[in-house]
1. Looking only at the range 282-291, how many residues end up being buried (at least 16 other Cβ atoms within 10 Å of the Cβ) and either in contact with a Phe, Trp or Tyr (Cβ under 6 Å, 6 or more places away or on another chain) or at positive phi (or both)?
2. Given the conditions (1) over 30 Å from Arg204 (Cβ atoms); (2) loosely packed, with under 13 Cβ neighbours inside 10 Å; (3) of a type outside the set (Val, Ile, Thr), which single one is not true for Gly260?
3. Would you call Glu216 farther than 30 Å from Phe308 by Cα, of a type in the set (D, E, K, R) and surrounded by fewer than 18 Cβ atoms within 10 Å (Cβ to Cβ)?
4. Given the conditions (1) assigned by TED's automatic domain parsing to the domain that holds Ile219; (2) over 30 Å from Arg204 (Cα atoms), which single one is not true for Phe302?
5. When only residues in the range 87-107 that are in contact (Cβ under 8 Å) with a residue 40 or more places away in the chain and β-branched (Val, Ile, Thr) count, which is surrounded by the fewest Cβ atoms within 10 Å (Cβ to Cβ)?
6. Tell me whether the range 18-28 contains one or more residues that are at pLDDT below 70, assigned to a helix (DSSP H, G or I) and in contact with a Gly (Cβ under 9 Å, 6 or more places away or on another chain).
Amino acid sequence: MNEFFAKEFYGNTAENWFYSLLFLLGGVVLSKIIYWVFRAIFKKLTEKTKNTLDDALIEVVEKPVVFSIIILGAWMGVNRLHFSSTADIVLNHAFTFLLIGTLTWLLVRAVDAIFAEVIVPMAEKSENTFDDQIVPVLRKGLKSVLWILGIIVGLDNAGFDIMALIAGLGIGGLALALAAQDTVKNIFGGVMIFIDKPFKIGDRVMIGGHDGFVTEVGIRSTRIKTLQNRVITVPNSNFSESSIENISAEPSRKVVTNLGLTYDTPPDKMELAMNILHGIVDANQESLTPDRIISFNNWGDFNLGIIFIYYIKKEADILATQSKVNLEILNKFNDNKLEFAFPTQTIYKKDL
């Protein structure tokens, strides 16, 4: 047995390979134990608390911690082995980069959990809608910054010359900028949305033939849920290059209704019809503004035309108000024997 352990394989004795394997297996076993501790003990403790943040944090740190233990076990096992000096340096740098990457992963998941459980609910409870727009951007931006910093720190500790890499990026910066023109335009478009505030989350807008409600505003694009219940992604540069119609921002909804009475309607009945329309507006001040336009404006082919323009208040139900007004017109006109015209023709036959 001793003779077997004394044999060398790839520059290391069988004994060293055996202990290295034990360290690796020990890391795996310990990670399983830690995983069980998280599931069986920590999660049951956090479930008893009133807040949900501790539950989310336990959930997000679980996998990175388990993965870190496996990396440490493999690292300790590899350190017992000796290869060429170059191979040893490369392996140590690789493990260092993996460990820093795992810690960055842990930090990013923790930040995401804090946003999901604390900051987002606070933004939803506030009356101000600007925080609903800025929170998703900050969430994505902070996670991106953490990943960039983690990669830079990992490469630096792995032996790479960061300053040389940055200088190299500076040389290729012009080509990169030319290739990323659309991305830069979209980012500036997103910035202008936050500065100009042409709309906010939840507003109904029309742009480029799309009509729907804004569900998310990002740095590069904005998501709109159309009236057909489909989600479209619009590049932010479109908002700086196109006109935007914010339907939700209208002070009141203008409704134009053209009514046609038969040609045998006498003048006094035409006046009565217009007075009825005035009365309908005056009787519905809870949903209509006082403004109205009512006029006998048209001699049609088969009717006497009355134009009726009224305005529905912003807070009122648009469709329900229109239905109510139309029903009142129908009922009152019928009660007063005011006949609506329909397409007709009168044919005169001349005797020869």
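The values are calculated or read from the model by the stated rules, or taken from the named source; none is laboratory data. All of these numbers come straight from a predicted model, not from anything done at the bench. Backbone-built Cβ (ideal geometry, glycine too); neighbour counts: all protein chains shown.
1. 2
2. Here Gly260 clears every test but (2).
3. Details: farther than 30 Å from Phe308 by Cα: yes; of a type in the set (D, E, K, R): yes; surrounded by fewer than 18 Cβ atoms within 10 Å (Cβ to Cβ): yes.
So Glu216 passes the test.
4. (1)
5. Looking at the filtered set, the residue picked out is Ile89.
6. First, the residues of the range 18-28 that are at pLDDT below 70: 18-19.
Keeping just the survivors that are assigned to a helix (DSSP H, G or I) gives 18-19.
So of that shortlist, the ones also in contact with a Gly (Cβ under 9 Å, 6 or more places away or on another chain) come out as 19.
The answer is yes; a qualifying residue exists.
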